Each structure stands twice: as structure tokens, then as C-alpha cells.
Amino acid sequence: MNGRLTALLMLFVTLVAASPAVIAQVTRPSTVQASSHFPTPTELLQQIKAQHAADDKLLKVAYIDLNEEVGEKPASFAIFGDPDTLTVHTVIERLHKVRDDKSIRAALITLGDTNFNFAQAQEIRHALSELRQAGKRTFVYADAYDTATYTMATGATDICILGGGEIMMPGVGLQTMFAKDLLGKVGVQADYVQIGEYKGADEEFTRTGPSDELRGELNKLVDSLYD
């Protein structure tokens, strides 16, 4: 939590320092002046409007906390279910609102126990890239990154990490299991007829390792995912 608070403070210091006018706005005196008489409704309305106008000029930063697993769709209906379940759609929808709101200058996203798959990471990354193209700074903060969360964060203008935090990016790979020897230990032999070199759906039961054809196809899949 201290790390996130530090990142938030760094964000505001960075943005405010980039715009001296904001400092004057933040430290401005209240527009509601002391008066020797009780203000009339008209005067009070004018003061409220002036206060709102001054507040509208202040720096606005959108904050999205992704400290939970992001699902593909809302949870099924339940009496005690959570209607605010976070989904990829809601995250992207919020980022689009930030993109289109001219009063918002930047966005901060904090990651916690977030578990993205690559498809989700790419979708959110694209939405972050749209914010950058719209001229808005985007900050992504996490205590640690893995391949998917770092992929998502690369759409932002600034990627932040806790001091001493870890970045674990093992890359892309596939793993297959072959059970011929296991089946043999219990006296079972798989009985399949393979027709064609690349018809190897039964190989995990009839071999102790992949054929050259299957290995080549798996490599193609890994190369595609990596690209």
C-alpha cells in the first residue's frame, strides 16, 4: 500500500510540476468571501457557480484500481452476487471515457492481484495506446510484473514499479504430456490408427515424445504467439 501511495504522490508531483498554473489554482483562496451580511440567494448562486468554475479548471486524473482478477464477462446472477464484477469490457469502457473526456488530463492504473491472459492484456494495451495518441499521460503501477501485465503496461506512457519489485517474463512456450509409458505400467496400450503425417491427435497416448511433424506445428504456434 505504501508503494501505491508513493506512486500516486509521484504522479501528482510530476504532473503539477509540469504545469505551474495548476499550483496557483490549487493554492487559490476560496471564492466564497467573508461578508458582513448574509448573502442573498442570487449572491449565493453566483458564489457557487464561481466555485464550480474554479474547480473545473483544476487538474483531473482518472484512477483505475485493478487489484482483482479481470474476467471476460460479468458473474452469473446470484442473490448475493457482486454486480460490479470487473471485466475486460468495463476496463476498456472506462479508458474510453477518459480518452473522450477533455477535462481529464491523465490516468493512473494500479495492479495488484491481477491475472491477465494475453488476449486481455492486448485489448487493454490497445485502449491505453489510444489514450497516448489522444495526448494524455497514462501511468501503470505494480509491485511486480509478469509477461502479460507488462505487455499490457507497454501501452502506457509511464510504467512504474515498486523499488525492489520483480519483473518475471519467461517468454512464450507450450508444454505437452505423453502418457505411453504411464499406460504401459498399468498394462494399457492405446489403439489408434493414424492417417496422414500431421494427424497426430493421438500422439500423447501412443508416443513418449512428439513426432517431427507435431514438434514443427507446436513451434509454429509458439512463434505466432510470440509475434
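Using a cut-off of 10 Å between beta-carbons, work out the net charge of the residues near Phe178 (Lys and Arg +1, Asp and Glu -1, Phe178 not included). Once positives and negatives cancel, what remains is -1.
The local environment of Glu166, defined by Cβ-Cβ distances under 15 Å, has a net charge of -3 under the rule Lys, Arg +1 and Asp, Glu -1. Using the Cβ-Cβ distance between Thr87 and Thr154 with R0 = 22 Å, the FRET efficiency computed as 1/(1 + (r/R0)^6) comes to roughly 0.50. Just add up the charged neighbours of Ala119: K/R +1, D/E -1, any other residue whose Cβ is under 14 Å from the Cβ of Ala119. Its environment carries a net charge of 0. Rounded to the nearest 20 debye, the dipole size of the stretch 180-226 about its Cα centre is 140 debye, using +1 on the Cβ of Lys and Arg and -1 on the Cβ of Asp and Glu. In this structure the amide hydrogen of Thr138, modeled in the peptide plane, comes within under 5 Å of the amide hydrogens of Ala107, Thr157, Asp158, none closer than 5 places in sequence on its chain.
In terms of other Cβ atoms within 10 Å, Phe139, Phe205 run from fewest to most in the order Phe205, Phe139.
Modelled spin-label separation between Val186 and Gln51, with each label point placed 7 Å from Cα along the Cα-to-Cβ direction: 7.4 nm. Amide H contacts for Tyr145 (H built 1.01 Å from N in the peptide plane; partners 5 or more residues away or on another chain; cut-off under 5 Å): Glu166, Ile167, Met168. For the residue pairs Lys185/Lys220; Lys73/Lys180; Lys57/Lys97, the alpha carbons lie more than 27 Å apart in Lys185/Lys220; Lys73/Lys180.
From most to least packed by mean Cβ count within 10 Å, the peptides 146-158, 88-100, 56-68 give 146-158, 88-100, 56-68. Between the listed residues Thr151, Leu128, Asn219, the Cα displaced farthest toward the positive end of the dipole of the stretch 68-227, a dipole computed from Cβ unit charges relative to the Cα centre, is found at Leu128.
Using the Cβ-Cβ distance between Leu162 and Glu69 with R0 set to 22 Å, the FRET efficiency from 1/(1 + (r/R0)^6) comes to roughly 0.60.
Laboratory data are not the source of any read-out in this text; all were calculated from the coordinates shown. Here the structure is a predicted model, which is why all the values come from computation and not from measurement. Glycine also receives a Cβ, built like all others from the backbone with ideal geometry; neighbour counts cover every protein chain displayed.
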